[in-house]
1. Please verify whether Ala260 is in contact (Cβ under 8 Å) with a residue 40 or more places away in the chain, hydrophobic (A, V, I, L, M, F, W, C) and in contact with a helix residue (DSSP H, G or I) (Cβ under 7 Å, 6 or more places away or on another chain), treating the condition exactly as stated.
2. Based on this model, can you work out whether Leu152 counts as assigned to a helix (DSSP H, G or I) and either among the acidic types (Asp, Glu) or modelled with pLDDT of 95 or more (or both)?
3. Name every residue in the range 39-65 that is part of a loop (DSSP other than H, G, I, E, B) and without any contact (Cβ under 8 Å) to a residue 24 or more places away in the chain, in order of residue number.
4. Before we move on, is Val50 closer than 29 Å to Leu246 by Cα, surrounded by fewer than 21 Cβ atoms within 10 Å (Cβ to Cβ), in contact with a helix residue (DSSP H, G or I) (Cβ under 9 Å, 6 or more places away or on another chain) and not hydroxyl-bearing (Ser, Thr, Tyr)?
5. Which of the residues spanning the range 56-88 are over 19 Å from Val41 (Cα atoms), buried (at least 16 other Cβ atoms within 10 Å of the Cβ) and not β-branched (Val, Ile, Thr)?
6. Scan the range 258-274 for residues that are under 18 Å from Ile214 (Cβ atoms), among the aliphatic types (A, V, I, L, M) and either in contact with a Phe, Trp or Tyr (Cβ under 8 Å, 6 or more places away or on another chain) or in a loop (DSSP other than H, G, I, E, B) (or both) and jot them down.
7. Report yes if Ala180 is assigned to a loop (DSSP other than H, G, I, E, B), under 19 Å from the mean Cα position of the chain (by Cα) and closer than 25 Å to Gln32 by Cβ, otherwise no.
8. Return yes or no: is Thr107 within 16 Å of the chain's Cα centre (by Cα), part of a loop (DSSP other than H, G, I, E, B), in contact (Cβ under 8 Å) with a residue 12 or more places away in the chain and within 25 Å of Ile55 (Cα to Cα)?
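The values are calculated or read from the model by the stated rules, or taken from the named source; none is laboratory data. Keep in mind that this is a model prediction, so the values were computed, not measured. Quick reminder, even Gly has a Cβ in these numbers, built from the backbone with ideal geometry, and neighbours come from all protein chains shown.
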Amino acid sequence: MNKLGFMSYIYMGWSAEAMAEDARNHGMVYVQLDPKQSMQVMDDELFSLVRAEKIRSIFERNGISVVGLSGYTNLMNPNLQKGESKLEQLEKMIDLCSAYGTRYMATETGSLHPTNAWRDYEGNRTAQAWEQLLQIVDRLRNRAAKNGSILLVEGFVNNVMASAEQAAGMLKRLGTDGLAFIMDPFNYLTQEDLKRQPEAMTKIFDCIGEISPIAHAKDTLYGEGGLTTPRVGAGQADWNVYAELLAQRLPDVPLILEHAKPEDVAGCLAIIRHAFDNTEASRGVKNAGGA
């Protein structure tokens, strides 16, 4: 199965040393790390190269590699002044990638909604919004390319980039220099997709699988408030389908746990491992039948 890792925010408020130790004890070997997060290491100098190197060394001593940085922010922030400030902050983090030992800087695309970057908004579906997003992503991926890094863009059904097909279209327009995606089907599944998950997830892998160096582990849940993406096992996604696609298409890609609390980690990892065990068992049955 894919090697496992975690988002650093799972251990919000923990020191880098404590989170690295706990993650190691759970068998995780990667972290997707948010440089803005307090880790009790030079927290008054969040974007310091020295801080980056110290945090990296703490994780590496515990057998954990920084697979990527988290710079999640609303790229389409309708408050232009605040949006520009966030973009400049993201550029600072792109410059830190090599100090953390990674090439990857992850972010979402965001929404033009006036108060909530995760809510749908009519303006998100316009050609103007798409062109604006392309300009912003082009700026950031050029910054990444100059640093030998890669910007990883993550879509969401309510955001301006709402589908894997749009992600493929973005790549066609901008090219692969400094740009790739995160394999996170949970963000892209619509309510209709939940009725046909093998086909829906396969389509997502077809669109962006070859250019997704990191995969995420969470779930998909539709309720009265629309789509949420809770921890593994708390939603409606079929993890057996996802595990099989990862095993077939992206077996060497790190699988990073999201949206869990420290006390949830063991249970989430058990579900993930069980799904991969089911995949192995299914292959064995097919091979036996073929024999």
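1. Numbers: in contact (Cβ under 8 Å) with a residue 40 or more places away in the chain: yes; hydrophobic (A, V, I, L, M, F, W, C): yes; in contact with a helix residue (DSSP H, G or I) (Cβ under 7 Å, 6 or more places away or on another chain): yes.
Yes; evaluated as a whole, the condition is true for this residue.
2. Considered against the rule, which asks whether it is assigned to a helix (DSSP H, G or I) and either among the acidic types (Asp, Glu) or modelled with pLDDT of 95 or more (or both), Leu152 comes out as no.
3. From the range 39-65, those part of a loop (DSSP other than H, G, I, E, B) are 39-48, 62-64; that's our starting set.
Matches in the range 39-65: Met42, Asp43, Asp44, Glu45, Leu46, Ser48.
4. no
5. Correct list: Tyr72, Asn74, Leu75, Met76, Asn77, Pro78, Gly83, Lys86, Leu87.
6. Of the residues in the range 258-274, the ones under 18 Å from Ile214 (Cβ atoms) are 258-260, 268-269, 272.
Retained after the next criterion (residues that are among the aliphatic types (A, V, I, L, M)): 260, 269, 272.
Of everything in the range 258-274, those that are under 18 Å from Ile214 (Cβ atoms), among the aliphatic types (A, V, I, L, M) and either in contact with a Phe, Trp or Tyr (Cβ under 8 Å, 6 or more places away or on another chain) or in a loop (DSSP other than H, G, I, E, B) (or both) turn out to be Ala260, Ile272.
7. On the way: assigned to a loop (DSSP other than H, G, I, E, B): no; under 19 Å from the mean Cα position of the chain (by Cα): yes; closer than 25 Å to Gln32 by Cβ: yes.
Spelling it out, it is not the case that Ala180 is assigned to a loop (DSSP other than H, G, I, E, B), under 19 Å from the mean Cα position of the chain (by Cα) and closer than 25 Å to Gln32 by Cβ.
8. Working: within 16 Å of the chain's Cα centre (by Cα): yes; part of a loop (DSSP other than H, G, I, E, B): no; in contact (Cβ under 8 Å) with a residue 12 or more places away in the chain: yes; within 25 Å of Ile55 (Cα to Cα): yes.
Judged against the criteria, Thr107 is not a match.
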